[in-house]
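Laboratory data are not the source of any read-out in this text; all were calculated from the coordinates shown. Keep in mind it's a predicted model, so treat the numbers as computed, not measured. In this analysis, Cβ positions are derived from the backbone assuming ideal geometry, glycine residues included, and neighbour counts consider all displayed protein chains.
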Amino acid sequence: MTAKKEVRIVDSGDSCPKLPIVRGRGVARAVIWPGIGAKERAMHRISLQPGDRTVVLRYPMEAVYYVISGSGAVADPAVPGLQSVVSGSSGSVIR
């Protein structure tokens with residue numbers, strides 16, 4: 001079986017479905033996900049306002065995060081303490 005090869009330009013704006021993972025005034029949207037045909041990966045855009053947070057996010061495989069602008073902190077529930085993040089920071093979770 002040959003995999004279908006396709007390049008698609010996607011919009012990451014208001015037309016993307018909202019995800020119920022932000023606590024506060026921010027919003028999370030599914031950009032790449034199975035609903036548009038993705039089979040191996042997903043990509044979400046998460047915008048947080050001061051004081052916002054996400055729910056605890058858990059993944060069966062790895063996840064990558066990138067901070068476009070602003071600053072904040074991330075926590076691993078299994079490890080004490082917080083890790084600061086700033087614009088340009090990236091990090092990965094490997095399970």
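Using the Cβ-Cβ distance between D14 and I36 with R0 = 22 Å, the FRET efficiency computed as 1/(1 + (r/R0)^6) comes to roughly 0.90.
Could you point to the label whose value was computed as P(r) over Cα pairs in 10 Å bins from 0, in percent for the structure here, given (1) 13, 43, 33, 9, 2; (2) 15, 44, 27, 12, 2; (3) 13, 28, 20, 16, 11, 9, 3, 0? Derived directly from the coordinates: (1). Rounded to the nearest 20 debye, the dipole magnitude of the chain is 220 debye, with +1 charges on Lys and Arg beta carbons, -1 on Asp and Glu beta carbons, and the Cα centre as origin.
The label point for V55 and the one for R23, both projected 7 Å from the Cα toward the Cβ, are 1.1 nm apart.
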